[in-house]
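Asker: If you scroll down you'll find the structure; I have some questions about it.
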Amino acid sequence: MQQPLMLVTGANSGMGLATTVELARSGAKVVMLCRDARRGAEAREEAIRRSGSGDIMLMTADLGSLDSINRFTEDFRARYSRLDVLVNNAGVVTVKRETTEDGFERMIGVNHLGHFALVHGLMEPLLAAGSSRIVIVSSGAHKAGSIHFPDPHLTKGFNVVKGYAQSKLANLLFALELRKRCSDRGIRVHALHPGAVSTSLGVSRDTGFGKAVYKLLNPFFQTAEAGASTAIYLALSEEGGEEGSLYYIKSKPAEPSRKALDEEMAARLWQWSQQQTGLVWSEPPAAVLR
């Protein structure tokens, strides 16, 4: 059998690094997608050491930049003809309102729109694999979320919970619409809640903001390895290669909120995402249109 090729976003630390290690241990060739080349190179060396595998590659892209994502996907398609598994793990939390290079509120911009653009650019190798998987790391926080039309970038009334929960609901609605469009094209799509994980997701590298809270709460969190277990399960298990449940917790099917299963909202978010990114997807085959 051909060695599977897998890609993990946000792979330089936390769950992304833990996912990379386990996928590499399984015998897969793994591409680590990281924003920072130096930190990515250090993480790659650690992943090689921990996994015992030399089949780990580093590529870089900033999911807060559509130009950067486009350059990466062009480079990836030039290097690789297929992609068996894509794990959309990267995520950000910002306590204050920040914007991406393209003017998007950062949490919806990176957590949703960046991955929306990434999947669009990788559809060709995902389809070429014949049977591939997209694993989307969402969160139980989606239950508190709403898509705040007509102001998804939260120019008024921003707060971190509102922004983060919106982006995590967007992850699930994206998964819902994506599997509707890809189910008969050989691509399986699943989303998951990893649990409360000990990572530095909300700590600012520039100011150090959030470090005190992180240290205080860290003993109550599970490890990155435990948090990554469901993504790893969906990437490698037989169940992950089937249509199965949309949403998983602790490697078992789970029910998301009713909002996350709203097909009209998923279609509306999809159209908005196309408008924001300027990326138009082909329509789903007639067999899956509803």
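The values are calculated or read from the model by the stated rules, or taken from the named source; none is laboratory data. The structure displayed is predicted, hence computed values, not measured ones. Every residue, glycine among them, receives a Cβ derived from its backbone with ideal geometry; neighbour counts consider all protein chains shown.
Asker: Take the residues in region 12-32 that are more than 17 Å from residue 52 (Cβ to Cβ) and touching a residue at least 40 places away in the same chain (Cβ under 8 Å); name whichever of them is surrounded by the fewest Cβ atoms within 10 Å (Cβ to Cβ).
Answerer: So in region 12-32, the residues more than 17 Å from residue 52 (Cβ to Cβ) come out as 12-16, 31.
Next cut, touching a residue at least 40 places away in the same chain (Cβ under 8 Å) only: 13-16, 31.
Working: 13: 18, 14: 23, 15: 31, 16: 27, 31: 22.
Once the filter is applied, the top-ranked residue is 13.
Asker: Determine whether residue 223 is of a type in the set (Val, Ile, Thr), within 22 Å of residue 14 (Cα to Cα), surrounded by 11 or more Cβ atoms within 10 Å (Cβ to Cβ) and at pLDDT below 90.
Answerer: yes
Asker: Tell me the residue from 47, 43 that is among the small types (Gly, Ala, Ser), under 30 Å from residue 242 (Cα atoms) and not in a loop (DSSP other than H, G, I, E, B), please. Can you show your working first?
Answerer: Working: 43 fails: under 30 Å from residue 242 (Cα atoms).
After ruling out the rest, the residue left standing is 47.
Asker: Need the failing condition index for residue 110 against (1) in a helix (DSSP H, G or I); (2) out of contact with any Leu (no Cβ under 8 Å at 6 or more places or on another chain); (3) surrounded by 20 or more Cβ atoms within 10 Å (Cβ to Cβ); (4) of a type outside the set (Lys, Arg), just the number.
Answerer: Here residue 110 meets the rest and fails (2).
Asker: Could you list, in sequence order, all residues of region 50-75 that are free of Cβ contacts under 8 Å to residues at least 60 places away in the same chain, assigned to a helix (DSSP H, G or I) and under 29 Å from residue 103 (Cα atoms)? Full working, then the answer.
Answerer: Within region 50-75, the first condition is being free of Cβ contacts under 8 Å to residues at least 60 places away in the same chain, and the residues that meet it are 50-65, 67-75.
In the following step, the residues that additionally are assigned to a helix (DSSP H, G or I) were identified as 50-51, 67-75.
Hits for region 50-75 are 67, 68, 69, 70, 71, 72, 73, 74, 75.
Asker: Search region 135-154 for residues that are touching a residue at least 12 places away in the same chain (Cβ under 8 Å) and pair each with any residue that is crowded, with 20+ Cβ neighbours inside 10 Å and among the charged types (D, E, K, R) when their beta-carbon atoms are under 7 Å apart and the residues are at least 6 apart or on different chains.
Answerer: 138/168; 139/168; 141/168; 142/168; 145/168; 153/105; 154/105
Asker: If residue 95 passes every condition in (1) outside any strand (DSSP E or B); (2) β-branched (Val, Ile, Thr); (3) buried (at least 22 other Cβ atoms within 10 Å of the Cβ) but one, which one does it miss?
Answerer: The one condition residue 95 does not meet is (3).
Asker: For region 78-89, name all the residues that are crowded, with 24+ Cβ neighbours inside 10 Å and part of a loop (DSSP other than H, G, I, E, B). It would help to see each step written out before you state the result.
Answerer: First, pick out the residues of region 78-89 that are crowded, with 24+ Cβ neighbours inside 10 Å: 83, 85-89.
Listed by number, the residues that qualify are 83, 89.
Asker: Restricting to region 137-172, what's the tally of residues that are assigned to a loop (DSSP other than H, G, I, E, B), out of contact with any Asp or Glu (no Cβ under 9 Å at 6 or more places or on another chain) and of a type in the set (Ser, Thr, Tyr)? Can you show your working first?
Answerer: The first filter runs over region 137-172 and keeps only residues assigned to a loop (DSSP other than H, G, I, E, B), leaving 138-139, 145-159.
Of the ones still in play, those that are also out of contact with any Asp or Glu (no Cβ under 9 Å at 6 or more places or on another chain) are 138-139, 145-151, 156, 159.
From the residues that got through so far, the ones that are of a type in the set (Ser, Thr, Tyr) too are 138-139, 146.
Here the count works out to 3.
Asker: Which of the following residues is over 19 Å from the mean Cα position of the chain (by Cα) and buried (at least 16 other Cβ atoms within 10 Å of the Cβ): 148, 142?
Answerer: On the way: 142 fails: over 19 Å from the mean Cα position of the chain (by Cα).
The unique qualifying residue is 148.
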